[in-house]
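**Student:** This structure is in structure tokens; I'll ask about it shortly.
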Amino acid sequence: MTKKYQKKLCQIGSFLLAISVIAGTFVAQAKDNTTLFVAASLAPVIQKLAATFSEKTGRTIRISAAASSVLARQIASGAPADIIVLANPAWMQWLEDRNLIDNKSRRDLIGNRLALLRHANTSLPNNMVPALNAALKSGRIAMADPDHVPAGIYGKAALTALGLWSEVSPALARSASAPAAVALLSRGEVSAAISYQTDAQLSDKVSVHTVFPQNLYPKIRYQIATITNSTNQTAGLLMKYLGDQERLPVFVAAGFSPPVSP
């Protein structure tokens, strides 16, 4: 073997070693990235908290937001995620029944209230039932899909308790998520919307008209849990960070309420 050939082999070996180190770095970085699936209505405040967490720890947090039903089904289909936050315990139970979340990590994170929202340039009667009737006379009412999406499920429960479901249901403008319902109202495409009270902060053209009495629908409980097959070491740190009492003022400032008992 000539010296020239030996030198070339050494160069190739060094190159392959460098490639291996770079690839290892990319793998390590990928493992260090934490993917968080979060209910669309909670996404803005979670993004804010995740950004602060990233600044403090140097860890990358990737957030995917959608309706809770969509996120749960994505996990069931094998979508890669480390943590999930859903707006309805029923969907979290659906995941637990399929052994897709770590049931020991599952807990309530924050609460919310259901509200009747109106466009800032319109007015409605003060009381809930007259306001709903007035909204129906002037147009449609936007609400997330009551068959699958938590905001819509809560809305259907409240309207059923008021004896208005059969009347309101045909006039609903059903949307894929709570924020999507508010977007319809913001654009003036509907006369009112039934969604979370926090959603009024999504647009300066939308305001809370009135909050539904709590006895009309199940308490709104956002739950958080780690995904069963996740090996991400940052997930536990992020779970602890989001659930810390020091984070509560950030949630409250966005209109959410402290976790409530079932």
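**Student:** With within 15 Å of the chain's Cα centre (by Cα), under 20 Å from VAL211 (Cβ atoms) and outside the structural domain of SER191 (by TED's automatic domain parsing) as the only criterion, which of ALA87, ALA81 stands out? Write out each step before concluding.
**Tutor:** On the way: ALA81 fails: under 20 Å from VAL211 (Cβ atoms).
None of the others qualify; the one that does is ALA87.
**Student:** In the stretch 134-179, how many residues are out of contact with any Phe, Trp or Tyr (no Cβ under 8 Å at 6 or more places or on another chain), under 16 Å from HIS209 (Cβ atoms) and either assigned by TED's automatic domain parsing to the domain that holds VAL70 or surrounded by 21 or more Cβ atoms within 10 Å (Cβ to Cβ) (or both)?
**Tutor:** 5
**Student:** Considering each residue of the stretch 232-255, count those that are farther than 20 Å from THR35 by Cβ, out of contact with any Lys or Arg (no Cβ under 9 Å at 6 or more places or on another chain) and not charged (D, E, K, R), and give that number.
**Tutor:** Total satisfying the criteria: 6.
**Student:** I want to confirm something. Restricting to the stretch 243-253 and keeping residues that are surrounded by fewer than 21 Cβ atoms within 10 Å (Cβ to Cβ) and within 19 Å of the chain's Cα centre (by Cα), which single residue is farthest from ARG113 (Cα to Cα)? Can you show your working first?
**Tutor:** Keep residues of the stretch 243-253 that are surrounded by fewer than 21 Cβ atoms within 10 Å (Cβ to Cβ), which gives 243-250, 252-253.
If we keep only those that are within 19 Å of the chain's Cα centre (by Cα) too, we end up with 243-244, 247-250, 252-253.
Values: GLY243: 19, ASP244: 21, ARG247: 19, LEU248: 16, PRO249: 17, VAL250: 17, VAL252: 12, ALA253: 14 Å.
Filtering the stretch 243-253 for residues that are surrounded by fewer than 21 Cβ atoms within 10 Å (Cβ to Cβ) and within 19 Å of the chain's Cα centre (by Cα), the one farthest from ARG113 (Cα to Cα) comes out as ASP244.
**Student:** State which residue is nearest to VAL149 (Cα to Cα) when the search covers only the stretch 54-68 and only residues that are touching a residue at least 60 places away in the same chain (Cβ under 8 Å) and surrounded by fewer than 20 Cβ atoms within 10 Å (Cβ to Cβ).
**Tutor:** Top of the filtered list is ALA66.
**Student:** May I pose another question? If you go through the stretch 202-218 one residue at a time, do you hit one that is among the β-branched types (Val, Ile, Thr), touching a Lys or Arg at 6+ places or on another chain (Cβ under 9 Å) and within 30 Å of ALA79 (Cα to Cα)?
**Tutor:** no
**Student:** Looking at the stretch 202-211, can you tell me whether even one residue there is under 22 Å from ILE46 (Cβ atoms), in contact (Cβ under 8 Å) with a residue 60 or more places away in the chain and of a type in the set (Gly, Ala, Ser)? Write out each step before concluding.
**Tutor:** To start, the set of residues in the stretch 202-211 that are under 22 Å from ILE46 (Cβ atoms) comprises 202-204, 206, 208.
When the remaining residues are screened for being in contact (Cβ under 8 Å) with a residue 60 or more places away in the chain, the result is 202, 204, 206, 208.
Add one more test, that the residue is of a type in the set (Gly, Ala, Ser), and what stays is none.
Scanning the stretch 202-211, I find no residue that is under 22 Å from ILE46 (Cβ atoms), in contact (Cβ under 8 Å) with a residue 60 or more places away in the chain and of a type in the set (Gly, Ala, Ser), so the answer is no.
This table checks each residue for (1) at pLDDT 95 or above; (2) farther than 26 Å from THR60 by Cα; (3) of a type in the set (Val, Ile, Thr).
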position: LEU202; (1), (2), (3): no, no, no
position: LEU216; (1), (2), (3): yes, yes, no
position: ILE220; (1), (2), (3): yes, yes, yes
position: THR226; (1), (2), (3): yes, no, yes
position: GLN245; (1), (2), (3): no, no, no
position: PHE251; (1), (2), (3): yes, no, no
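**Student:** Further question: Within the stretch 37-54, identify whether any single residue is in the same structural domain as GLY236 (by TED's automatic domain parsing), touching a helix residue (DSSP H, G or I) at 6+ places or on another chain (Cβ under 6 Å) and among the polar types (S, T, N, Q), and answer yes or no.
**Tutor:** yes
**Student:** In addition: Give the residue, chosen from LEU109, LEU71, LEU42, that is under 14 Å from the mean Cα position of the chain (by Cα) and without any contact (Cβ under 8 Å) to a residue 40 or more places away in the chain.
**Tutor:** Among LEU109, LEU71, LEU42, only LEU71 is under 14 Å from the mean Cα position of the chain (by Cα) and without any contact (Cβ under 8 Å) to a residue 40 or more places away in the chain.
The values are calculated or read from the model by the stated rules, or taken from the named source; none is laboratory data. Just so we're clear, the structure is a prediction, and the values are computed from it rather than from any experiment. Heads up, the Cβs are rebuilt from the backbone with ideal geometry, glycines too, and the neighbour counts pull from every protein chain shown.
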